[in-house]
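> My structure is below; once you've seen it, I'll send some questions.
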Amino acid sequence: MFNRMQSLQMQGVHCFQYKSFRAVIAIHNTFLGPALGGCRCLHYSNENLAFDDAMRLARGMSYKAALANVPHGGGKAVILLPKEDFDRNELFHWFGDCVELLKGQYITAMDAGTQVGDMDRIAERTDYVASASNIGDPAPYTAAGVFKGIEAALQFRLQQELLNSSVAVQGLGHVGLKLVEMLINAGAKVIAADPDTVKCQQANKLGADIVSTEQIVAQPVDVFSPCALGGAINADTLPLLNCTVIAGSANNQLASDDMGSALFEKGILYAPDYVINSGGLIYAASRYHHDEETLYLNKINSIGDTLIQLFEVADKEQQAVEKIADKTAQTILAGEPLIANKANARAASTTSEQEVHHAA
């Protein structure tokens, strides 16, 4: 455990247990402020996978906050979903007590397997929650940021607009389905997949073509957009990719560190997940701090600008984009702001906040 913590440069990992309830809260870095990150509630085949998921996601949140110029560090919580029947209200009241024990070191929010109602139960036990019903669902803002990122990647690599471009969306959760709607409204051709047939029907009604979850990775499209759980780009899927750009909302899209270099060698432009999907974090953090709406809308609109800068540096240095993003985030966390400040300086002077407002 300590070796893995050291390799990911974790600040701390906290374990909690009560009855059949088990939870892990991982805190990666608090240099920029208290750790903020979602709470997952999922089945894990073993505890090591749960620990690793929490730690990798916490690191991603640190990097995400750094590049989005959000005054928070990175944290993540994982609740191991009990196999037997349980009282959901009791579970999330208990988890709220766990968060309260950390006295503000970690602020929780929604993630895979949790809902606004769960956040409300947590908020009955602690103030350190950033996506209860009084704050709202961050998913539309995540989708809006991914939309801006896809626009930027298409312009940079193919010099084309979304109109008549093709996008394959893997996963139709809150973010994926909203993204499908936005892409179709912009004139893109969308192909989508999800194991949930109801969600597929909803996407089809919006105008998307539906394929199986096994077929989605290999679709011949301009953009492949992973919007499900992590690890979409792995040794098995890499040879199947038939796209020019990868730009989606999922966390930890690269199953291993070598996947980014492999994409670079294949000539596929990768938009680092923790940059393109930062809209939800920006929204949740801003609402938690009662910031003006214009501030977080401008920051979300600037996600494309940040990506363009990363793409330009990666092209100049002939390196994989995520390596440039990692180095930039690490530099910011060491106290030397670079790309994030440039992008957000432009965002502060723009009046394009209505783009995100209407999209959300």
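FYI, it's all coordinate maths here, none of it is from the lab. This one's a predicted model, so the numbers in the text were calculated from it and none came from an experiment. Every residue, glycine among them, receives a Cβ derived from its backbone with ideal geometry; neighbour counts consider all protein chains shown.
> From the mean inverse distance of alpha carbon pairs (Kirkwood) and the Cα radius of gyration, derive Rg over Rh for the stretch 2-123.
0.95
> Peptides 294-304, 275-285, 90-100: what's the order by average Cβ count within 10 Å, highest mean first?
Result, highest mean Cβ count within 10 Å first: 275-285, 294-304, 90-100.
> For the stretch 182-306, list log₁₀ I(q)/I(0) at each q in 0.18 Å⁻¹, using the Debye formula over Cα point scatterers of equal strength and ignoring solvent, two decimals each.
After summing over all Cα pairs, the log10 values are -1.07.
> To the nearest Å, what is the center-to-center distance of the stretch 79-134 and the stretch 184-228, using C-alpha atoms only?
32 Å
> Then there is this: Would you mind telling me which residue in Pro71, Pro195, Pro138 has the biggest mean-square fluctuation in a Gaussian network model of the chain, where springs connect alpha carbons within a distance under 10 angstrom?
Pro195
> A further question follows. How big is D for the stretch 57-186, in µm² s⁻¹ as a whole number, if Stokes-Einstein is applied with the Kirkwood radius of its Cα pairs at 20 °C and 1.002 mPa s?
127 µm²/s
> Moving on. Cα atoms only, the stretch 119-208: Rg and Dmax in Å?
Taking only Cα atoms of the stretch 119-208, I get Rg and Dmax of 15.9, 51 Å.
> Could I ask something else about it? Lys103: which aspartates and glutamates have alpha carbons under 19 Å from its alpha carbon, excluding same-chain residues fewer than 8 sequence positions away?
Asp120, Glu124, Asp127
> Let me ask something else about it. On C-alpha positions alone, give me the angle between the axis of helix 321-333 and the longest principal axis of the chain, in degrees, nearest 10.
It is inclined by approximately 40 degrees.
> Something else: Hey, which lysines would be in cross-link range of Lys266, C-alpha to C-alpha under 29 Å, not counting anything within fewer than 8 residues on its own chain?
Here the lysines satisfying the reach criterion relative to Lys266 are Lys64, Lys148, Lys189, Lys316, Lys323, Lys327.
> How large is Rg/Rh for the stretch 44-109, to two decimals, with Cα atoms and a Kirkwood Rh?
My calculation puts Rg/Rh at 1.03.
> What does the chain give for Rg and for Dmax, in Å, if only its C-alpha atoms count?
19.1, 56
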